[in-house]
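First comes the structure, then the notes that go with it.
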Number of protein chains: 2
Amino acid sequence: MTESFDAVDIIRTKRDKGTLSPEQIDWTIDAYTRGVIADEQMAALNMAILLNGMSRAEISRWTTAMINSGERMDFSSLGKATTDKHSTGGVGDKITLPLAPLVAVFGVAVPQLSGRGLGHTGGTLDKLESIPGWRAALSNEEMMRQLADVGAVICAAGAGLAPADKKLYALRDVTGTVEAIPLIASSIMSKKIAEGTGSLVLDVKVGSGAFMKDEARARELAETMVGLGSDAGVRTVALLTNMNTPLGLTAGNAIEVEESLEVLAGGGPEDVVELTVRLAEEMLAGAGVHDADPAAALKDGRAMDVWRRMIAAQGGDPEAALPVARESETVYAPADGVLLELDALSVGVAAWRLGAGRARKEDVVQAGAGVRLHAKPGALVRAGEPLMTLLTDTPERFDRAKEALEGDVVIGPEGDRPAQQLIIDRIA
Amino acid sequence: MTESFDAVDIIRTKRDKGTLSPEQIDWTIDAYTRGVIADEQMAALNMAILLNGMSRAEISRWTTAMINSGERMDFSSLGKATTDKHSTGGVGDKITLPLAPLVAVFGVAVPQLSGRGLGHTGGTLDKLESIPGWRAALSNEEMMRQLADVGAVICAAGAGLAPADKKLYALRDVTGTVEAIPLIASSIMSKKIAEGTGSLVLDVKVGSGAFMKDEARARELAETMVGLGSDAGVRTVALLTNMNTPLGLTAGNAIEVEESLEVLAGGGPEDVVELTVRLAEEMLAGAGVHDADPAAALKDGRAMDVWRRMIAAQGGDPEAALPVARESETVYAPADGVLLELDALSVGVAAWRLGAGRARKEDVVQAGAGVRLHAKPGALVRAGEPLMTLLTDTPERFDRAKEALEGDVVIGPEGDRPAQQLIIDRIA
């Protein structure tokens with residue numbers, strides 16, 4: 001990095017709807033990481049980016065600069081194709097748990113770096129940590145060994161990957177600039193590209209429980225990320241999927257592991273199975289495997305075998321009983337009819353308030369807390385039947401959880417329910 | 001202040017083109033002054049304001065909140081009308097120097113709080129400090145006494161006036177958010193209203209040497225400020241005036257005092273006299289004095305008498321010789337013809353580079369440095385005639401000053417010069 005720029009010039013350029021040069025972008029990310037650009041300057045630039053946008057070329061360079069702020073992993077010595085999945089986050093989204101071992105069944109390595117939950121969307125690592133003994137933190141060497149031996153690993157991203165993103169994300173969180181599509185896309189893709197996967201499937205959620213409520217914006221985000229993947233030589237496809245109602249029948253930590261085990265045992269809720277199989281097909285196709293039958297690998301126990309080895313390799317006991325919440329409270333159907341709506345955001349917030357999620361990074365989650373659904377939209381229900389069970393170790397939380405659900409369970413006559421597709425579109 | 005808000009909510013509201021409530025605005029300014037809102041949050045909010053604007057009601061409340069962050073002066077015990085002038089800054093703009101004593105001649109008090117120069121525009125205090133012994137810092141009591149005795153005071157604003165503005169301006173300076181009209185207008189007007197003047201005349205400069213290059217934006221700024229003044233019960237008018245070429249024949253510090261003395265002695269350049277008289281008429285009218293003849297008060301020495309008392313009251317010796325630059329260099333006309341253009345920005349930058357201005361607040365200015373013009377646009381010149389004299393104590397500065405002037409002195413045939421009005425419009 002020989003050239004130097006002026007931060008205020010760079011802010012002004014974007015403020016006035018100009019285009020940042022590749023050299024300006026490289027300098028911006030490097031200077032911010034080194035503390036030469038101050039937080040207040042980066043905040044002003046982020047707001048200008050949010051409001052005035054960035055060109056595809058700018059976003060691509062911004063992503064590359066974030067990757068170059070840290071280490072880049074390399075799985076080429078494995079001698080296997082690699083693939084990964086990223087979900088933009090939803091309620092009841094435990095798909096990674098059955099998916100990673102399922103894909104590994106077919107000889108493709110799955111280096112799945114995951115995160116913890118914040119707010120109403122759950123985190124994959126929080127869910128897995130409800131398994132006694134399981135640990136999220138692996139060294140690069142442990143990760144490589146597990147990929148070679150088991151074929152699948154779900155672990156925490158090390159601090160060495162895209163450190164610029166880490167600093168930038170914390171800033172965006174307190175400055176109202178999380179929602180900028182160029183910044184979301186580059187944040188996600190810088191980590192996934194630095195992680196060194198050969199192909200990538202993006203599950204971009206749309207709906208009340210998703211980060212993107214609006215299909216047009218979800219599509220724009222998906223297209224931007226697919227473009228960034230291609231620019232970096234990572235075969236990338238995106239599915240737009242429905243997040244107006246929770247995925248499956250559980251939203252929490254241990255209860256989502258339990259549901260994942262049902263799927264790995266060949267059962268489980270239809271929507272979770274459908275999305276798991278479809279994402280597995282996309283991941284395998286991206287890795288060059290076109291003749292696989294993932295649905296069969298769920299039915300015949302091959303995926304479960306990989307799961308057990310994957311959990312054990314990270315210190316977990318796949319046979320151990322999962323934690324159970326100390327207290328429960330049932331929510332009953334208020335009327336006869338068809339369950340027309342069961343809002344994903346409301347269920348997510350209820351689960352969060354019951355202790356399954358965290359409000360601040362420092363918070364500790366309850367393994368057993370969450371919401372178990374007894375009916376999904378479309379089901380016929382009778383007044384007084386159980387609709388949901390609320391679970392927590394701390395019963396003083398029930399009231400606030402029920403508040404979150406108020407008005408968001410809609411029961412009515414059969415004909416009133418609009419058809420909802422789980423998989424809305426595919427973007428490649 | 002009993003209510004509390006969330007900074008991120010406030011940023012998001014403005015980011016999404018919403019309107020901030022009066023309570024949100026009060027909280028924002030108070031919380032920022034107390035350090036509860038962080039610099040990075042205020043920077044993001046400022047950028048959102050710059051790009052999405054604020055309503056007249058929002059700007060008015062923002063201004064009031066800034067006033068309420070500090071003390072408010074009160075001149076009612078003087079028993080005289082008060083009036084003040086603010087210029088948005090230009091090159092060779094020494095108007096305050098003859099203007100304040102001129103207005104005081106007619107029994108109206110002029111509490112003129114002024115600033116120092118930054119960049120290519122000069123500062124009134126820097127100019128006056130070239131007078132041996134003169135001091136800018138007065139206590140409120142000294143200011144009151146001088147207003148009662150002499151009728152005019154030009155001094156530095158105390159730290160107690162609108163401290164929120166001081167903090168906010170420093171932030172805007174490093175985050176590319178100086179140019180937001182709502183923020184400029186509220187910054188200027190909060191200080192002027194807190195200063196306690198009964199009426200105010202704004203000299204909003206337009207052109208190459210002005211902060212606003214563009215007439216439409218200058219007009220918007222003027223209209224916004226006039227509205228803010230009226231909202232606060234301060235009779236306010238604005239003149240839009242031309243700043244494509246320097247005012248008068250000097251740009252510097254001591255040389256501008258010298259030119260002001262010529263005006264106070266009944267002479268001086270036509271444009272400086274015209275603007276001084278016109279602004280005096282506006283200030284006097286705002287203070288309820290309609291039968292004054294300021295031009296006569298310049299000719300007959302009454303304004304000079306007040307000037308001498310005003311300077312002496314602040315420790316200055318009105319008879320002392322002014323500092324003279326140690327070195328000079330002459331710039332000659334390259335051809336015969338009419339001087340078509342003499343760019344204000346270029347002359348301002350040349351004077352700045354010669355040592356008359358400062359790049360950072362901490363810099364010290366040279367009292368004698370600057371540019372003396374020998375011809376103004378419209379004048380007939382001959383090749384080899386002196387056009388300007390560059391003045392500095394540090395001759396190594398000549399080259400960079402000449403670079404600033406390169407290409408910006410245009411000489412051509414008579415008919416090619418577009419007419420330029422000094423006073424473009426009046427906004428009340």
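The values are calculated or read from the model by the stated rules, or taken from the named source; none is laboratory data. Here the structure is a predicted model, which means the values were calculated and not measured. Glycine gets a Cβ as well: all are built from the backbone with ideal geometry, and neighbour counts include every protein chain shown.
Checked against the criterion of being closer than 18 Å to residue A:100 by Cβ and of a type outside the set (A, V, I, L, M, F, W, C), the candidates A:227, A:198, A:207 yield just one match: A:198.
Number of residues in the range A:144-154 that are of a type in the set (A, V, I, L, M) and either surrounded by fewer than 19 Cβ atoms within 10 Å (Cβ to Cβ) or farther than 16 Å from residue A:198 by Cα (or both) equals 3.
Out of all the residues in the range B:253-276, is one or more farther than 30 Å from residue B:405 by Cβ and either within 16 Å of the chain's Cα centre (by Cα) or not assigned by TED's automatic domain parsing to the domain that holds residue B:304 (or both)? Within the range B:253-276, none of the residues are farther than 30 Å from residue B:405 by Cβ and either within 16 Å of the chain's Cα centre (by Cα) or not assigned by TED's automatic domain parsing to the domain that holds residue B:304 (or both). At least 2 residues being under 20 Å from the mean Cα position of the chain (by Cα) is the threshold, and among the strands (runs of 3 or more DSSP E) wholly inside the range B:321-403 those reaching it are B:370-373. Looking only at residues in the range B:277-299 that are of a type in the set (D, E, K, R) and under 21 Å from residue B:84 (Cα atoms), the one that is farthest from the chain's Cα centre (by Cα) is B:291.
I'd like the residue in the range B:46-59 that is in contact with a Lys or Arg (Cβ under 9 Å, 6 or more places away or on another chain) and either within 20 Å of residue A:173 (Cα to Cα) or among the polar types (S, T, N, Q) (or both) and, out of all such residues, is nearest to the other protein chains (Cβ to nearest Cβ). My answer is B:47. Taking the listed residues B:62, B:27, the one that is more than 14 Å from chain A (Cβ to nearest Cβ), buried (at least 24 other Cβ atoms within 10 Å of the Cβ) and part of a helix (DSSP H, G or I) is B:62, with no other qualifying.
If only residues of the range A:30-45 that are of a type outside the set (Asp, Glu) and surrounded by fewer than 19 Cβ atoms within 10 Å (Cβ to Cβ) are counted, the one that is farthest from the other protein chains (Cβ to nearest Cβ) is A:34.
When the range B:158-179 is filtered for residues that are buried (at least 17 other Cβ atoms within 10 Å of the Cβ) and acidic (Asp, Glu), only B:165 remains.
Would you confirm, using the coordinates I've provided, whether residue B:72 is within 13 Å of chain A (Cβ to nearest Cβ), out of contact with any Phe, Trp or Tyr (no Cβ under 7 Å at 6 or more places or on another chain) and at negative phi? The answer is no for residue B:72. Checked against (1) more than 30 Å from residue A:49 (Cβ to Cβ); (2) surrounded by fewer than 18 Cβ atoms within 10 Å (Cβ to Cβ), residue A:128 passes all but condition (2).
Of the numbered criteria (1) buried (at least 18 other Cβ atoms within 10 Å of the Cβ); (2) under 21 Å from residue A:135 (Cα atoms); (3) in contact with an Asp or Glu (Cβ under 8 Å, 6 or more places away or on another chain), the one residue A:323 fails is (3).
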